[in-house]
Amino acid sequence: MTIKPHPEVGPGEVFVRELGGAYANEVITHHHRMVIDEPVPKGGEDKGPKPLELLLASLGGCISITLRMYAEHKQMPVEEISVFVKRGSAEKN
């Protein structure tokens, strides 16, 4: 994979671009780079997590970090915080 130049990405910004191939995309944040893709059965090459998995990870991370910050603010001793996030399906009425 060739790393191409990208526009400046500041705090709170994300730049996403196709990498070529089926569905793989490069995600660039202020300090990080990662690849997202679809699994082989969906036509991708499984080069990284699916976009939905990254979204679920973001939600879980926000919950975990918020709980840790709250515990610290309230000086509550907490050994470990774990969050499990699972996608649901929308019900059709």
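The values are calculated or read from the model by the stated rules, or taken from the named source; none is laboratory data. None of the values given here were measured: they were computed from a predicted structure. A quick note on method: Cβ atoms are made from the backbone with ideal geometry, for glycine too, and the neighbour counts reach across all protein chains shown. Accessible surface areas use protein heavy atoms only, side chains included; no ligands, DNA or RNA. Shrake-Rupley method; radii C 1.70, N 1.55, O 1.52, S 1.80 Å.
Selection within the range 67-93: residues that are surrounded by 10 or more Cβ atoms within 10 Å (Cβ to Cβ) and of a type in the set (D, E, K, R). The member of this set that is farthest from the chain's Cα centre (by Cα) is Glu72. Of all the numbered requirements in (1) out of contact with any Gly (no Cβ under 6 Å at 6 or more places or on another chain); (2) at pLDDT 95 or above; (3) open to solvent by 60 Å² or more (accessible area, probe 1.4 Å), Ile3 misses one, and that requirement is (2). Within the range 21-66, if we keep just the residues that are outside any loop (DSSP other than H, G, I, E, B) and either hydroxyl-bearing (Ser, Thr, Tyr) or touching a Pro at 6+ places or on another chain (Cβ under 6 Å) (or both), the residue that is surrounded by the most Cβ atoms within 10 Å (Cβ to Cβ) turns out to be Ile36. In the range 26-52, the residues that are at pLDDT 95 or above form Cβ pairs under 7 Å with partners that are among the hydroxyl-bearing types (Ser, Thr, Tyr) and assigned to a loop (DSSP other than H, G, I, E, B), at six or more places apart or across chains, as follows: Asp37/Tyr23; Glu38/Tyr23; Gly43/Tyr23; Gly44/Tyr23.
Could you tell me which residue of the range 8-20 is surrounded by the most Cβ atoms within 10 Å (Cβ to Cβ), considering only residues that are under 16 Å from the mean Cα position of the chain (by Cα) and not in a loop (DSSP other than H, G, I, E, B)? Out of the qualifying residues, it is Phe15.
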